[in-house]
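What follows is a single structure, written as structure tokens, with notes after it.
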């Protein structure tokens, strides 16, 4: 079938050249043929590196946005430039500028060059005017899209004369203005003759300082582009100044088809509404204008037009809608204009005197709503309400606009005649037996628009209602069993409207005393039919119907005391021969098991068939299948054991043809058997379908709960052994006893479930039943731990016997893929660990985890260190390499995860033998641990993506070098005790996502590589500087904090709070969203890993860095959402910093203060009261306090941590 793979590579490459590279790469997973056409790797660097160099690039198209480093883009361009490049298309939105390589501008073979979107962002400091900016604008006079961003427009706000160039092709203009100036904008627009879209973004105070007004006066004539071409105008950062209002009015009065105003977030709600009202009142020249407002605060839904709010609220109950009026003034009267009311008495039933409260509630709703918006949909559900009140409510809502009416009232009432003659009513639903009982002589009914009618449990003849509905399409009728106490009116003939498309009938009126019923269904347009009728005690039921040529779905559920008298079923089936879904429920199929000869009709379109059979008959089923030519789904439900009202009869129909039904061989995809009881004829029928169903995909057997467990297993085994005609057929078994369903799952799924358990627990499942006795033996994951054996006598011998038995009894055909072993020795008893390791080392082993705390160390088998399939190796605690005469060769070509915990050998040989290593955890102990080994140099593999490195091995007098040259690194956790001669070198980490630095040093001034490390981590999204790391900045050496353009989360542990240091950091974190500050106080002498480190308190009392800028950091005003302060001690500097963030953090949502335990209860209350009184710039900011009092909360970790680092002198 895969003919396309047979094409030559040249044709395949030509076909793939019309696809984007990402889609072309996905073809590599189709088959081996396609694997090397392209590489399945979405990284651009990998694409350019892995493609076949023998086929030079002829066409290159690049579309990208928000690239922060132009060097990356230049690398890509230099890679594709060559003598064969013919077509180059660049659509790039750069954050910074770029110069095209000269090789592109002098490429002799280049035939097509496309450069899209000229975004000018010229950063200029100190000089008001950059002369070449105007020259550049003149050169761009033919462009169609122009965006002047950042400082670019600031270059044009100077005192020098500047003349705008004519832009005859410009259609879209976007301007970032440092201060709004009408003259500047009008001068610009006078030279844009065909401008269609204008976007103005007022960025004053965001990252630009205001400048002097632009002095040149524009011409007085009306702008040509405004009167003739401008279709869309958008104003971002609207501040409601007089100049801004005048400019917007200028455009609206002259022409603007669509205007959008983005209001600034610092306006309160009342001011925003006043702005909207003022701007909306400006007269407009265009009749097709749309004026939209966007609220830049969190409550954007309130700025939606009322029409949209009405549509949203219409899906709620009226009680929930009215509750929205308490939100604020904007919502106070919205509910009154709703045209949909859904009133339910249920929420009131739980209170006392709920009837009176409910009556008052409904009366208030109807009295206070806006009469200018007539009700279109009304739903009422109530109980124990007076008839007069309900009629009053109905009269109040009835009108020429009423379209839908739903009533469920538990009392007899007479519907107002206005409802029965409402010309606009499209849907009428009457629940309960309460609305038509009084209509013994029903008045005239005429509902010309009614399309949906539901009469639920009605004891009244609905003929008069139906005759007055000329366009009725959906009809549901439920007729209940007659009650002795009720007045029941019956007609022997019931005729359905011809216009029906959907019909649901549930008729129980013939259950007692009704001797004859005739139902006429002459509905040629019917698409859906559901009939459920009970006719008992010699009652007679007749149907008269036409052919249903448009029928799609039909459900028949007929119950009759004497099945021989129900001769209408064959005729009804003949009328339904065009249906696509047919369900014969109850004893309907039994009507076909009668004496009179019956020929099944041809079902040319039937796709789904569901049969409830009270007596299983293979001949009956095959006859049905022979006449269902395109059947795809068959469901059989055996109800022979269910308690119905008459005995079972045999099928007396003709024998089916000997040939296999066409639908079985070609179309049948799904077969389901419910209520299977394992009789011979049922097994034969299932085998018939399995062997001949060439298109079968799924067969599902529901086993009855009466079988015991052994019988169920025998049934599953016998049916599973039947050969199948379809190679894709799946045989599923469902136990109707829900407690035993898991046992019917295939062994592969059970083994996958058990693989998440320790091996001891997995083995214990063998005692559940015979089904589970040998399942654990096929497990390919072993997790062995001796902790449960250690507290018994002679546990070593018992543990050894247990492991030996596991390895001896398991199925050797299922090789071990993952092995985990945890052993702790207390005595000289030698465990045969090497024997176990030799037993599990096989070609399929992928993961090995060893935690060996042994009295006598061992050497790992050399086979593990050269295992080709091993992907993960974890070695914890034990001495694994100490007893080799020389370190063995290591080559693990597939290893991606390596964890070495407290390793006492040089890891260089291990690391050098892992060419594709991605995750590394390396913990090097100090010189006081075990057999210490001096490691002068450790170099990390370049392929790493995650690195956890803890190094305590450096000593005072030795030179140590740590190299982290890993350009693909995404996660870094580094904890180092740094001595004076420690050197750390590293590359830049452009892909960094999360970094944690925990660096201890006896003299902070002697760690010059820490600032350089921060510079290399500037692309990270999460940065945590733990404990003594920040001391490196509190030194006499001036250090400039690098820019963090992607940093979202920042955690700082500082020795003492210094506002200058924190603000300098925040000024360089442009999009920071979460900030956590922990103030800790270190004692004069602190013991760190058996070495005493002495700190002078004057080192970290002062910060010697530069003073921060006076402007508020951009992240504080626009992005910061969460702030957490740990170790708060209520100093003046701490209070000022918290107040600074609360007042200027316009996007803040949560501020959490952790109070230290030293405060008394009264002091805590004073602190909470003072901080809570600080005004907040964000209306949604929540201020939370956490009390770390150890007396109140116990001796928790917070208390111990504070106790360790407290310094009363600071």
Please determine, by comparing only the residues of the range 336-379 that are under 40 Å from the mean Cα position of the chain (by Cα) and over 22 Å from residue 312 (Cβ atoms), which one is surrounded by the most Cβ atoms within 10 Å (Cβ to Cβ). 345
From (1) modelled with pLDDT of 90 or more; (2) buried (at least 20 other Cβ atoms within 10 Å of the Cβ); (3) touching a strand residue (DSSP E or B) at 6+ places or on another chain (Cβ under 6 Å), pick out the condition that doesn't hold for residue 551. (3)
For residue 652, which of the numbered conditions (1) at pLDDT 85 or above; (2) assigned to a loop (DSSP other than H, G, I, E, B) fails to hold? (1)
Select from the range 219-238 the residues that are part of a loop (DSSP other than H, G, I, E, B) and surrounded by 16 or more Cβ atoms within 10 Å (Cβ to Cβ) and list them in ascending order. 223, 229, 230
Please verify whether the range 410-420 includes one or more residues that are crowded, with 17+ Cβ neighbours inside 10 Å, at pLDDT 90 or above and either in contact with a helix residue (DSSP H, G or I) (Cβ under 9 Å, 6 or more places away or on another chain) or part of a loop (DSSP other than H, G, I, E, B) (or both). no
Determine which member of the set 972, 947, 1023 is part of a strand (DSSP E or B), at pLDDT 90 or above and in contact with a helix residue (DSSP H, G or I) (Cβ under 9 Å, 6 or more places away or on another chain). 1023
State all residues of the range 1044-1067 that are surrounded by fewer than 19 Cβ atoms within 10 Å (Cβ to Cβ) and within 17 Å of residue 1011 (Cβ to Cβ); if no residue qualifies, say none. 1060, 1067
Regarding residue 672, is this residue surrounded by fewer than 16 Cβ atoms within 10 Å (Cβ to Cβ), under 30 Å from residue 605 (Cβ atoms) and touching a residue at least 24 places away in the same chain (Cβ under 8 Å)? no
Filter the range 975-990 for residues that are at pLDDT below 90 and either exposed (fewer than 15 other Cβ atoms within 10 Å of the Cβ) or assigned to a loop (DSSP other than H, G, I, E, B) (or both); the one that is nearest to the chain's Cα centre (by Cα) is 988
Candidates 187, 169, 183 - the one that is modelled with pLDDT of 75 or more, surrounded by fewer than 18 Cβ atoms within 10 Å (Cβ to Cβ) and over 30 Å from residue 1112 (Cβ atoms): 169
Those residues that are surrounded by 14 or more Cβ atoms within 10 Å (Cβ to Cβ) and touching a residue at least 40 places away in the same chain (Cβ under 8 Å), I need them from the range 761-776; list them, please. 763, 771
Name the single residue, out of those in the range 950-964 being part of a loop (DSSP other than H, G, I, E, B) and surrounded by 14 or more Cβ atoms within 10 Å (Cβ to Cβ), that is modelled with the highest pLDDT. 952
Can you find a residue in the range 84-106 that is surrounded by 14 or more Cβ atoms within 10 Å (Cβ to Cβ), in contact with a strand residue (DSSP E or B) (Cβ under 6 Å, 6 or more places away or on another chain) and at pLDDT 80 or above? yes
Conditions (1) surrounded by fewer than 14 Cβ atoms within 10 Å (Cβ to Cβ); (2) in contact with a helix residue (DSSP H, G or I) (Cβ under 8 Å, 6 or more places away or on another chain): number failed by residue 779: (1)
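Yes/no matrix, rows are residues, columns are (1) surrounded by fewer than 20 Cβ atoms within 10 Å (Cβ to Cβ); (2) under 22 Å from residue 546 (Cβ atoms); (3) within 44 Å of the chain's Cα centre (by Cα); (4) modelled with pLDDT of 70 or more:
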{"site": "442", "(1), (2), (3), (4)": "yes, no, no, no"}
{"site": "456", "(1), (2), (3), (4)": "yes, no, yes, yes"}
{"site": "463", "(1), (2), (3), (4)": "yes, yes, no, yes"}
{"site": "471", "(1), (2), (3), (4)": "yes, yes, no, yes"}
{"site": "503", "(1), (2), (3), (4)": "no, yes, yes, yes"}
{"site": "509", "(1), (2), (3), (4)": "no, no, no, no"}
{"site": "512", "(1), (2), (3), (4)": "yes, no, no, no"}
{"site": "527", "(1), (2), (3), (4)": "yes, yes, yes, yes"}
Restricting to the range 594-619, give me the number of residues that are over 14 Å from residue 673 (Cβ atoms), crowded, with 18+ Cβ neighbours inside 10 Å and in contact with a helix residue (DSSP H, G or I) (Cβ under 7 Å, 6 or more places away or on another chain). 4
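The values are calculated or read from the model by the stated rules, or taken from the named source; none is laboratory data. This one's a predicted model, so the numbers in the text were calculated from it and none came from an experiment. Cβ sites come from the backbone with ideal geometry, for glycine too, and all protein chains shown count toward neighbours.
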